[in-house]
Amino acid sequence: MPDDVNIYKVEFAVRDYECDIQGVVNNSNYQHYLEHARHEFLISKGISFAELHERGTDLVVTRVEIDYKFPLRSRDRFEVQVSIVREGNVRLVFVQEIFRIPDGKLIVKAKVTGVATRKGRPVSPGELAEHLGI
């Protein structure tokens with residue numbers, strides 16, 4: 001992760017229905033947590049998916065890599081941290097980690113790669129990348 005200044009953080013709590021028969025968060029729910037945190041991060045930067053779409057640009061996830069380190073259980077509180085870097089000419093990479101609160105136990109490490117598209121084709125994120133400072 002980059003230095004603490006460039007990391008966005010958002011807190012959540014595990015809801016009972018997110019857990020499977022073993023009493024731990026089902027693996028698919030981590031993607032929901034990560035996605036919600038990315039959306040909140042972009043909103044915090046003044047970026048609206050609706051406005052981008054109206055201007056003909058869509059942000060599309062092209063790859064998700066998740067390393068599951070430790071499970072969360074019902075009622076656990078946790079924090080999702082988000083930072084973003086540019087990779088190549090068209091890719092934006094969200095580097096994300098989930099930590100349990102209050103002990104700071106690492107739960108998940110993830111790398112989510114996306115691209116900006118126009119009419120379904122990848123394009124340089126240009127203005128968007130500049131707005132994000134990357």
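In the chain, the longest principal axis of the Cα atoms and the axis of helix 27-44 are about 50 degrees apart. Where a Cα-Cα gap under 13 Å defines reach, which aspartates and glutamates qualify for residue 109, not counting those fewer than 8 residues away within the same chain? Filter leaves 65, 67, 79, 97. Our helix-only sum for the chain, with -39,500 (n - 2.57) per DSSP H run of n ≥ 4 divided by its residues, gives a mean residue ellipticity at 222 nm of -7000 deg cm²/dmol. With K and R counted +1 and D and E -1, the other residues having a Cβ less than 9 Å from that of residue 106 yield a net charge of +3. For residue 119, the lysines whose Cα comes closer than 28 Å to its Cα, not counting residues fewer than 8 places off in the same chain, are 45, 111.
For the chain, with all protein chains in place and a probe radius of 1.4 Å, 48% of the accessible heavy-atom surface sits on carbon or sulfur. Summed over the residues of the range 38-134 and divided among them, the accessible surface reaches 57 Å² per residue at a probe radius of 1.4 Å.
The values are calculated or read from the model by the stated rules, or taken from the named source; none is laboratory data. Note that the coordinates shown come from a computational prediction; the quantities given were computed from them, not determined experimentally. Counting neighbours? That spans all protein chains shown, and the Cβs are built from the backbone with ideal geometry, glycine included. Ligands, DNA and RNA are excluded from the accessible area calculation, which covers all protein heavy atoms including side chains. Shrake-Rupley method; radii C 1.70, N 1.55, O 1.52, S 1.80 Å.
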